[in-house]
Structures are given as C-alpha cells and as structure tokens.
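Inspection log for the structure reproduced underneath, given as structure tokens.
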C-alpha cells in the first residue's frame, strides 16, 4: 500500500499542521488528554552548529515532579526522546542530530500520580523553510476508521493501518481485552464508554504511535409493549 494514499489525519495530520506552523507559536491537543495549555509548556529550537533540536519546558503544579516526558516527531509520529522531569518540574532534551529535522514536535507528559497525560505541539524554531509547504508522510497511521467513531454496544469495528516503519504491530483497545498484533483487524466492543484505541509499531529502538477514539453508546430504547403511538384522525 502506498503511503501517499494516507488521508488527512484526525489530529496529527502533516498537511494541516504544516500549513499552520508559521502562524502558530504553540498548538495544544485536547481529548482524550488533559488540558495541555494549563499543565504543560514547551519550546523547540534547532541548533545549527550541532544539528540537534533542543526541547525544553516545564510542567505545572497539577503534574507531579518526576513526570515522564516523551517527545515525538509530530508529523511522522516517531518517538524521539524520553526523560523524567526534575524536582523543579523542568525538562531539557537534546535530540540526536539527524539528516531530517522535524518541523513540529509533540511533547507528552505523563503524571506519575495517576498516569493522566497532557500534550502540546510546538513548531521547531529554525526548521528548514520546506516545513512551511512540504507535508511528510506519517511513519504509521490508522487508515480505518479514518476519524473518531461512535458505535453501539456489542458492535464490531474494523481497523486498518499502514506504516513506512516496518516492524511489530500492536493494537490496544483499552477495554480490558488482549492486544491484537495484526496490521488489520476488527474488534467487538461489548460495553458502553469511551475507548482510546492505539496503534504501536516498533522496530528496534524506533517507535511509532497513532490513536483514535471510539465512543460506545447503549442501543436506542426499545419499544417494550409493542404498541404504536396513534396518529391523529384525518380531517
């Protein structure tokens, strides 16, 4: 399957983000994560001498010290670095120099107290001018469902993925069921609720993540007495 067929992505789409990057200093992502604007601040800058991207920031009082901070290439969904925040809730990461400088990075903080997550997306200052116009193909993406979905209880939903990063696939449905390790699969959602379904592709030290929200609702109330509401008599 050609990656050029990847549709615009739900939240991490390269084309949409890159077109907006010159106008944004900070982008925040919402559901299913906590309020990133209040909980997390970050910046990213390219060091032209070393070729490294320096990501630094701080977590707010709502996130405990020692939070796990993960940085991803926001366009390609590839994990770049992970550290723990300091006692003062600050963090700094020097990403390894590569031939490809990310246009945007996604910074994710996991609170050690309750494992809630906050994330923020920031443009890389000093990134190549091509970042303003060139859309990179994601390293992995959920193709189906293409958007967040709503289904009724005891319904089966199909899932399909594509990836430039070849490796091991793991689908996690977060409803108490076992993970699925097929590239394409389907899943029966028995109970109502909101479930963050994640796709994880790993190859050695490289990791790619994507996700989609599935809302499972109870079926419509059934007509238990079999009676049909009478309509008004014709005039």
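The values are calculated or read from the model by the stated rules, or taken from the named source; none is laboratory data. Note that the structure is a prediction, hence the values are computed from the model and not measured. Backbone-built Cβ (ideal geometry, glycine too); neighbour counts: all protein chains shown.
Observations on the structure shown:
- Set 167, 176, 193, 226: member being at pLDDT below 85 and not assigned by TED's automatic domain parsing to the domain that holds residue 71: 226
- Elements of type strands (runs of 3 or more DSSP E) contained in region 114-219, each with 2 or more residues being over 30 Å from residue 63 (Cα atoms): 140-144, 149-152, 155-163, 168-172, 185-189
- Filter pass, residue 13 being loosely packed, with under 13 Cβ neighbours inside 10 Å, modelled with pLDDT under 85 and within 18 Å of residue 209 (Cβ to Cβ): no
- Inclusion of residue 181 among residues that are assigned by TED's automatic domain parsing to the domain that holds residue 212 and in contact with a helix residue (DSSP H, G or I) (Cβ under 6 Å, 6 or more places away or on another chain) is not warranted.
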